[in-house]
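Beneath this line is the structure, given in structure tokens, with notes to follow.
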Amino acid sequence: MIASPRMLRRTAGLGKWELLLDAAAAIAAGVELVRIVTTGAWLSLPVLLLAGAAVVLRRRLPVPAAAAAIVASGIVLFEPAAAVLIWVLAEVVLFTLALRSPRPIVLAAGAIHAVLLYVGAVVAFDVPPYEPVALILPLWN
């Protein structure tokens, strides 16, 4: 995708936001890595690597990175202990997508991820469908 002049102007002053997103992603990935090593939950490592790759690629390839982050968010439902930190990484990717991509793509990715977070709350965290946690989690998106 070739960036339009309007999109280039929109993303020109993102230095501070990008650094904050990088810091949030590094902290989340580090905490998740420590959890994996200390608990021996090595099956979570591939999901962390997928989400980490999405974070790294989010500036150059925002749409494929968002797709990878959403896939990681879905896979992590099988290891709920890792869900929140992987979801933080996915949110970093989706925030960058919102800054760098056309609105229809952003809305579609956000809607897919919101549904996934709702299903994750109900299935992975075993909360009732009308529990406040299940209803609020998609709003985090």
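The values are calculated or read from the model by the stated rules, or taken from the named source; none is laboratory data. Please read all numbers here as calculations on a predicted model, not as lab measurements. A quick note on method: Cβ atoms are made from the backbone with ideal geometry, for glycine too, and the neighbour counts reach across all protein chains shown. When the accessible area is computed, the model is the full protein with side chains, heavy atoms only, and any ligands, DNA or RNA have been set aside. Shrake-Rupley method; radii C 1.70, N 1.55, O 1.52, S 1.80 Å.
Just to be sure before I move on: is residue 54 in a helix (DSSP H, G or I), over 23 Å from residue 16 (Cα atoms) and either of a type in the set (Asp, Glu) or open to solvent by less than 20 Å² (accessible area, probe 1.4 Å) (or both) in the structure I sent?
no
For segment 7-21, indicate whether the set of residues that are at pLDDT below 90 and either touching a Pro at 6+ places or on another chain (Cβ under 6 Å) or crowded, with 18+ Cβ neighbours inside 10 Å (or both) is non-empty.
Yes; the residues of segment 7-21 include at least one that is at pLDDT below 90 and either touching a Pro at 6+ places or on another chain (Cβ under 6 Å) or crowded, with 18+ Cβ neighbours inside 10 Å (or both).
Would you check which residues across segment 32-46 are surrounded by 13 or more Cβ atoms within 10 Å (Cβ to Cβ) and β-branched (Val, Ile, Thr) and list them?
Scanning segment 32-46 gives a single hit, 36.
Which of the residues that make up segment 64-89 are in a helix (DSSP H, G or I) and open to solvent by 60 Å² or more (accessible area, probe 1.4 Å)?
64, 71, 75, 78, 81, 84
How about segment 100-127: which of its residues are exposed (fewer than 15 other Cβ atoms within 10 Å of the Cβ) and in a helix (DSSP H, G or I)?
Result: 103, 104, 107, 108, 111, 115, 123.
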